[in-house]
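Note sheet for the following structure.
The values are calculated or read from the model by the stated rules, or taken from the named source; none is laboratory data. Predicted, not measured: the structure shown is a model, and the values here were computed from it. Here the Cβ is made from the backbone with ideal geometry for all residues, glycine too, and neighbour counts use every protein chain on show. Please note that ligands, DNA and RNA were not included when accessible areas were found on the heavy atoms of the full protein model with its side chains. Shrake-Rupley method; radii C 1.70, N 1.55, O 1.52, S 1.80 Å.
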Amino acid sequence: MSSQYLSPDDYKSDIKPSWCPGCSVYGIMAALTRVFSQKQIDPLKTNLISGIGCSSRMPLYFQTFGMHTLHGRAIPVAIGSRLSRPDIKTIVIGGDGDLFSIGTNHFVHAARKNFDITVICIDNRIYAMTKNQASPTSTIGYQGNLTPYGKLSAVLNVVEFSISCGATFVSRAHCNSPEHLQEMISCAMDHNGFSLVHVLAPCKTFNKESFLSEKCHRVIDINKDLAHDPTDRAAAITHAAASIDFDNNESSKIPVGIYWKHHSITFEEQVKEIRKNTRQSDVHSIISGLHIS
C-alpha cells in the first residue's frame with residue numbers, strides 16, 4: 001500500500017453511478033468510502049462482491065478489486081475469495097431480494113460456518129431494478145407490480161433471522177443516519193467472523209411513502225438509548241423480534257445498533273489449522289505414489 005493518504009474520493013472509480021437521483025445507495029456508498037479512508041484500507045487488499053440489483057452495481061464504482069456476480073450468488077463467490085486469498089478483506093454488497101430470496105441458502109450456511117465476510121444488506125424492501133415487485137422484506141399488503149392485491153406473506157425479520165443462522169455480528173443502520181451507518185460498517189469490518197450490517201434504505205422511486213415517513217427522528221439506538229448489551233444473546237433475540245414493529249405504527253421508533261456480537265473461530269482459521277497439521281504433497285507426488293496394476 002502506498003504511504004500516501006487516501007481520501008474517500010480516492011476509493012472511487014472513474015465510472016459514474018447510474019442510480020436514480022436522490023437514491024439512498026449514494027449515501028451508503030459515501031459512508032463506505034469514508035470508512036475505507038478512516039481505516040486507510042489498501043484498495044489492493046479489498047474485494048467487493050455483489051449479486052444483481054440496484055445496490056449490487058456498487059463494485060463498479062470502487063477503485064478496489066470487485067466482482068459483479070449472478071443473482072443471489074455473491075456469498076459463494078465471496079467464500080471462494082476468502083479461501084483462496086484469506087489475506088484480502090472481502091465485503092459482500094446485496095439487496096434484500098438478492099440476499100434473502102434467491103440467495104437465502106448461501107447466507108444461512110456462510111453465517112453458520114462463520115466465514116470472515118462482511119455482508120452489507122441494502123434493504124429497500126422491494127425489487128427496484130425490475131420496477132417494483134414485493135420482496136421478502138416488503139410489508140404485508142404491499143402492492144407491487146406482481147402483487148396488485150397486496151403481498152400476502154409475512155415480513156422476513158432480517159436481524160432475527162441472521163442471529164438464528166449463526167452470524168457472529170449482527171447490526172442495523174438507517175441510510176438517513178450517516179454517522180451511525182459509518183460506525184456500524186466500521187465495527188462490522190473490524191469483527192473477525194461473519195458480520196451483517198442491515199441498512200434500511202427506502203426506495204425514493206417506487207416506495208415514496210416509506211421514504212418520506214422514515215425520518216431520522218424515528219430512529220433509536222438500542223445500545224445508547226436502550227442500554228442493550230450486544231453480548232447478551234437472549235436480549236438480542238428479544239430486541240430483534242420487536243424490530244419490525246415500526247411497520248404497524250408510524251409513531252413507533254425504528255431500532256438500529258449492534259444487536260449481537262460474539263467471538264468464535266472462523267472457518268478460514270480452521271482450514272489454516274488443518275493445513276498446518278497436514279503433510280502437504282503436490283499432485284505429481286500423489287500420482288507417483290499410486291500403485292496401479
Checklist entry - Could you give every pair whose Cβ atoms fall below 8 Å, whose first residue belongs to region 195-214 and is over 19 Å from TRP19 (Cα atoms), and whose second residue is at pLDDT below 75 and in a loop (DSSP other than H, G, I, E, B), counting only separations of at least 6 or pairs across chains? => result SER213/GLU250
Checklist entry - Within the group ILE258, ILE222, ILE237, which residue is open to solvent by less than 30 Å² (accessible area, probe 1.4 Å), within 22 Å of ARG112 (Cα to Cα), of a type in the set (A, V, I, L, M, F, W, C) and modelled with pLDDT of 90 or more? => result ILE258
Checklist entry - If you scan region 9-42, which residues turn out to be closer than 25 Å to ASP87 by Cβ and open to solvent by 40 Å² or more (accessible area, probe 1.4 Å)? => result ASP10, LYS12, ARG34, GLN38, LYS39, GLN40
Checklist outcome for this item: Residue pairs qualifying under the 9 Å Cβ cut-off, at least six apart or on distinct chains, with the first in region 88-103 being at pLDDT 95 or above and among the hydroxyl-bearing types (Ser, Thr, Tyr) and the second being in a helix (DSSP H, G or I) and surrounded by fewer than 24 Cβ atoms within 10 Å (Cβ to Cβ), are THR90/ILE79; THR90/SER81; THR90/ARG82
Checklist entry - Only one residue in ILE140, ILE185, ILE120 is closer than 26 Å to THR238 by Cβ and assigned to a strand (DSSP E or B). Which one? => result ILE120
Checklist entry - Looking at (1) assigned to a loop (DSSP other than H, G, I, E, B); (2) modelled with pLDDT under 90; (3) open to solvent by less than 20 Å² (accessible area, probe 1.4 Å), which is the one condition that is false for PHE246? => result (1)
Item to check | Inter-residue pairs, beta-carbon under 7 Å, first more than 12 Å from THR64 (Cα to Cα) and in region 1-15, second among the β-branched types (Val, Ile, Thr) and at pLDDT 95 or above, 6+ apart | outcome: PRO8/THR33
Item to check | Hey, SER81 without any contact (Cβ under 8 Å) to a residue 24 or more places away in the chain and either charged (D, E, K, R) or out of contact with any Leu (no Cβ under 7 Å at 6 or more places or on another chain) (or both) or not | outcome: no
